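Each value in this text was obtained by applying a stated rule to the coordinates, not by laboratory testing. All values derive from a computational prediction rather than experimental measurement. Glycine also receives a Cβ, built like all others from the backbone with ideal geometry; neighbour counts cover every protein chain displayed.
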Amino acid sequence: MRTPVVVITGVDRDAMAAATVGLQFDLPGAVVVRHSIDVDRSVLRRVVSDVTGVVEEDEIDLAHACVSCALREDVLPTLERVARSGRWSTVVAHLPVGAEADQLCHVLANDTRLARHLRVASVVTALSGPTLVDDLLGDDLLAERHDHTGPDDRRGVGEVGCAMVERSDVAVTCGLTDEVALELLRALVRPDAAVIAGTEHLDAGRLTGPAHHHHRTLAWTGPVIDAAIDPVDSALVWRIDLSTPHPFHPERLLDHLETLAGDGHRSRGAFWLPTRPGRVLLWDGSGGQLSIGDAHGWGADVPRTRLVMTGIGVAPTKVRHAFEAVLLRPDEAAATSWNLGEDGFEPWLGPIRDVA
């Protein structure tokens, strides 16, 4: 029988701790495996506990202070070890602050040896209610809060927090949470995911059931968004889905990046450029910070551009106008040779020759 794993993620230490402690006492026979990364010392700290107290704690030297090393060297081996011991019926995996659950879920969904003993039952993202909007749509960096997971971790709190919410089966808040924050969460989560105000209202029993479906999560969060996404237009929150078969014009895209990825909203999806027609280009931004990357090839799929944007208040018309302005026009596609040596996106995507 496989042991269910409830994964706790987040960008706020106190909210994650509140969710973890509550589950530890509400789930009969639960064990908590909590990891934290000390970037300065390149050390991973592990604490295993149950209702009787601390069972074990240790520090592991990491070759590199990063989430991948932490998962490989101790998180996954520890989860497997406690599951195979037969001592506990449920594992609560408290990941390091700022560590997303996608790598863990991917391994447990695809590693046949580990899958014999463990299954991801649910992914819970715990957030601070009073600071939720600033955490998801603000411009702080994890490193500025001393919550980065590696020496080169320059990710924004909003970018990471939004991605966690989108990948979660349950998004739960800790502390006073207003309706704007709750509506923002409801707009970001997978349509069948739960939004709960207050960690004290978590239904621990339901979290160990079949809430998590890895492939359904990928369909919602992958760079090429396949899921149907309804627009949201309320007095509190907006969401727009911008989709087209056309690529972006590289030069005009650079001119309009600030508007498309400006502060105050979340944006994610994929696009393509005529200078790199075979590549799916990732778009991932929040709070005025934007990550652009080369995800993979289009393969047999027809290239397309789709960005989903979410924010609070009223949707700014300038975003839609900027999107339309950067699209490659038919006359430009026909009249211009795009076999160029450079397109201005080399800092993000590397030289064009490397993807030809």
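Below are the figures for this structure:
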| item | result |
| --- | --- |
| Relative contact order (%) - the chain, alpha-carbon pairs under 8 angstrom, separation at least six | 16 percent |
| Spin-label pair R84/D134, simplified geometry with 7 Å Cα→Cβ offset, distance in nm | 4.6 nm |
| Spin-label proximity, D255 to segment 327-356 - amide N less than 17 Å from point 7 Å beyond Cα toward beta carbon | 327-333, 336, 343-345 |
| Sorted by Cβ density within 10 Å, fewest first, the residues W298, W238 | W298, W238 |
| Amide H contacts of S168 (H built 1.01 Å from N, under 5 Å, at least 5 apart or other chain) | R190 |
| At 0.890 mPa s and 25 °C, Stokes diffusion of segment 15-146 via Kirkwood alpha-carbon radius, µm² per second | 155 µm²/s |
| Under 5 Å, built H, 5+ apart or other chain: amide partners of H249 | L327, L328 |
| Under 5 Å, built H, 5+ apart or other chain: amide partners of T3 | L118, R119 |
| Label assignment, Rg and Dmax of the Cα atoms in Å derived from the structure, set (i) 20.1, 67; (ii) 24.0, 77; (iii) 21.2, 73 | (iii) |
| Sequence ranges 265-277, 331-343, 283-295, ranked by mean other-Cβ count within 10 angstrom, highest first | 265-277, 283-295, 331-343 |
| Theoretical FRET efficiency, 1/(1+(r/R0)^6), r = Cβ-Cβ of D26 and A335, R0 51 Å, to 0.05 | 0.20 |
| Ranking of C174, C66 by count of other Cβ atoms within 10 Å, fewest first | C66, C174 |
| Length-normalised contact order of segment 38-170 in % [C-alpha pairs under 8 Å, at least 6 apart] | 23 percent |
| Theoretical FRET efficiency, 1/(1+(r/R0)^6), r = Cβ-Cβ of L218 and A300, R0 25 Å, to 0.05 | 0.85 |
| Distance (nanometres) between label positions extended 7 Å along Cα→Cβ at R41 and D178 | 4.0 nm |
| From phi via Karplus (6.51, -1.76, 1.60), per-residue ³J(HN,Hα) for segment 196-202 in Hz, x at Gly/Pro | 10, 8, x, 4, 5, 9, 4 |
| Inter-label distance for R145 and D58, nm, one decimal - labels placed 7 Å from Cα along Cα-to-Cβ | 3.0 nm |
| Förster radius 30 Å - calculated FRET efficiency between R72 and R353 (Cβ-Cβ, nearest 0.05) | 0.35 |
| The chain: calculated mean residue ellipticity at 222 nm from DSSP helix runs of at least 4, using -39500 (n - 2.57) | -8500 deg cm²/dmol |
| Cα-only radius of gyration and Dmax that characterise segment 96-216, units Å | 14.9, 44 |
| Phi to ³J(HN,Hα) by Karplus 6.51 cos²θ - 1.76 cosθ + 1.60 over segment 168-182, Hz, x for Gly, Pro | 8, 8, 9, 10, 10, 9, 10, x, 4, 10, 7, 5, 4, 4, 5 |
| Net lengthening on full extension, A115/D14 (0.36 nm per residue, minus Cα-Cα) | 33.3 nm |
